[in-house]
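The values are calculated or read from the model by the stated rules, or taken from the named source; none is laboratory data. Predicted model only: the values in this text are computed from it and were never measured. We place every Cβ from the backbone using ideal geometry, glycine too, and count neighbours over all the protein chains shown.
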Amino acid sequence: MKNLEVSRETAKRWYNENNEELKKIAISLFPELIKETIPKKWEDLKEIKGWYVQSNCKISHGGVYIISELNKNTFATKEQAEASLALSQLSQLREVYRNDWEPNWAKIDKKYTLGFFNDKIEIIDTMHCNYYLSFQTKDIAKEFLENFKDLIEVAKPLLG
């Protein structure tokens, strides 16, 4: 069996090709390639794939795209795209239930939030932990949870 020597530049080229086997070999030889090539900003991505919400609120698979301003609304998974639609609905409903109340997270007073603990939605009172679904009273939080539990479950991937 012969030993094959691979230069760092060759391994980097393999890492950037669309061949998963070559990519694995490159990483095994030069693990730091992962850190060097991870994006530091959106524009560093070469391509994306995933799901998006159409203007008619239907979830569609978007295929693979070269990144652009036109596909910043693409989620990595269908579940996340569905969660975004549920979250937008919860946003509107939350504002009605809050009735102009806005939590001041810098202030030491109780807020009642809906969060996931052991994969179950619970109401917790907190003073400093910022949660998206937060309310001014426990009764309002409880009513919101009772009325929109199914929608909250769908939004879970973006709330947790």
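Look through the stretch 1-49, keep the residues that are among the aliphatic types (A, V, I, L, M) and part of a helix (DSSP H, G or I), and return whichever of them is surrounded by the fewest Cβ atoms within 10 Å (Cβ to Cβ). Before the answer, list the steps.
First, pick out the residues of the stretch 1-49 that are among the aliphatic types (A, V, I, L, M): 1, 4, 6, 11, 22, 25-27, 29, 33-34, 38, 45, 48.
If we keep only those that are part of a helix (DSSP H, G or I) as well, we get 11, 22, 25-27, 29, 33-34.
Numbers: ALA11: 19, LEU22: 16, ILE25: 16, ALA26: 23, ILE27: 15, LEU29: 17, LEU33: 18, ILE34: 12.
Going through the qualifying residues, I end up with ILE34.
Among the residues in the stretch 114-125, are any within 18 Å of the chain's Cα centre (by Cα), acidic (Asp, Glu) and farther than 24 Å from GLN54 by Cα?
yes
Can you tell which of GLU122, GLU143 is assigned to a strand (DSSP E or B) and of a type in the set (D, E, K, R)? Give the steps one after another, and end with the answer.
Details: GLU143 fails: assigned to a strand (DSSP E or B).
So the residue among GLU122, GLU143 that is assigned to a strand (DSSP E or B) and of a type in the set (D, E, K, R) is GLU122.
When you check SER88 against the structure, is it modelled with pLDDT of 95 or more, within 15 Å of the chain's Cα centre (by Cα) and either surrounded by 15 or more Cβ atoms within 10 Å (Cβ to Cβ) or of a type in the set (Phe, Trp, Tyr) (or both), yes or no? I'd like the intermediate steps shown before the answer.
Numbers: modelled with pLDDT of 95 or more: yes; within 15 Å of the chain's Cα centre (by Cα): yes; either surrounded by 15 or more Cβ atoms within 10 Å (Cβ to Cβ) or of a type in the set (Phe, Trp, Tyr) (or both): no.
Judged against the criteria, SER88 is not a match.
State yes or no: is ASP100 among the acidic types (Asp, Glu), within 19 Å of the chain's Cα centre (by Cα) and either surrounded by 14 or more Cβ atoms within 10 Å (Cβ to Cβ) or over 17 Å from ASN147 (Cβ atoms) (or both)?
Against the criterion (among the acidic types (Asp, Glu), within 19 Å of the chain's Cα centre (by Cα) and either surrounded by 14 or more Cβ atoms within 10 Å (Cβ to Cβ) or over 17 Å from ASN147 (Cβ atoms) (or both)), ASP100 does not qualify.
Of LYS78, LYS46, which residue is at pLDDT below 90, at negative phi and touching a strand residue (DSSP E or B) at 6+ places or on another chain (Cβ under 9 Å)?
On the way: LYS78 fails: at pLDDT below 90.
Exactly one residue qualifies, and that residue is LYS46.
Closer than 30 Å to LEU151 by Cβ and not assigned by TED's automatic domain parsing to the domain that holds VAL154: which single residue out of ILE48, ILE34 fits that description?
Working: ILE34 fails: closer than 30 Å to LEU151 by Cβ.
Step by step, each of ILE48, ILE34 is checked, and only ILE48 is closer than 30 Å to LEU151 by Cβ and not assigned by TED's automatic domain parsing to the domain that holds VAL154.
When you scan the stretch 66-85, how many residues do you find that are surrounded by fewer than 11 Cβ atoms within 10 Å (Cβ to Cβ) and part of a strand (DSSP E or B)?
Let us first name the residues in the stretch 66-85 that are surrounded by fewer than 11 Cβ atoms within 10 Å (Cβ to Cβ), namely 66, 68-70, 72.
From what is left, the residues that are part of a strand (DSSP E or B) are 66.
Selection size over the stretch 66-85: 1.
List the number of the failed condition for GLY63; all other conditions in (1) over 14 Å from GLN136 (Cα atoms); (2) part of a helix (DSSP H, G or I) hold.
(2)
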